[in-house]
Amino acid sequence: MFNWLILGHIIFGLVAFAGSLLLALGFRTSFHSLTAVQKWGIGLSIGGLFATMAFVMFTAANLMPAILFTLAGIALLAVLMRKSAHA
């Protein structure tokens with residue numbers, strides 16, 4: 001039996017994932033000029049998305065992908081912070 005809810009969740013999750021990556025890439029050179037609220041908004045969006053994906057992977061009993069998604073999220077946030085410190 002086909003479940004449209006699961007398919008929709010997968011599709012919209014992938015769109016959100018792509019959006020967070022584009023958000024980070026788009027602001028990587030001008031992140032330092034944003035206000036604190038804007039920085040927190042971007043950081044929480046990216047962090048929350050990666051944390052959600054890592055949690056889902058972990059609950060599916062796949063520890064390695066959960067660790068990889070956690071490290072990817074931390075790396076993406078570190079790239080934003082590093083660029084803002086050097087700019």
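Close Cβ contacts (under 8 Å, 6 or more residues apart or on different chains) running from residues in the stretch 52-76 that are among the hydroxyl-bearing types (Ser, Thr, Tyr) to residues that are assigned to a helix (DSSP H, G or I) and surrounded by fewer than 17 Cβ atoms within 10 Å (Cβ to Cβ) comprise Thr70/Ala51. Among the residues making up the stretch 40-51, none is crowded, with 16+ Cβ neighbours inside 10 Å and without any contact (Cβ under 8 Å) to a residue 24 or more places away in the chain.
On inspection, Ser30 passes the criterion of being touching a residue at least 12 places away in the same chain (Cβ under 8 Å) and either charged (D, E, K, R) or loosely packed, with under 14 Cβ neighbours inside 10 Å (or both).
Only the coordinates and a few stated rules stand behind these numbers; no lab work does. Fair warning: this is a prediction, and the values are worked out from it, not measured in the lab. Backbone-built Cβ (ideal geometry, glycine too); neighbour counts: all protein chains shown.
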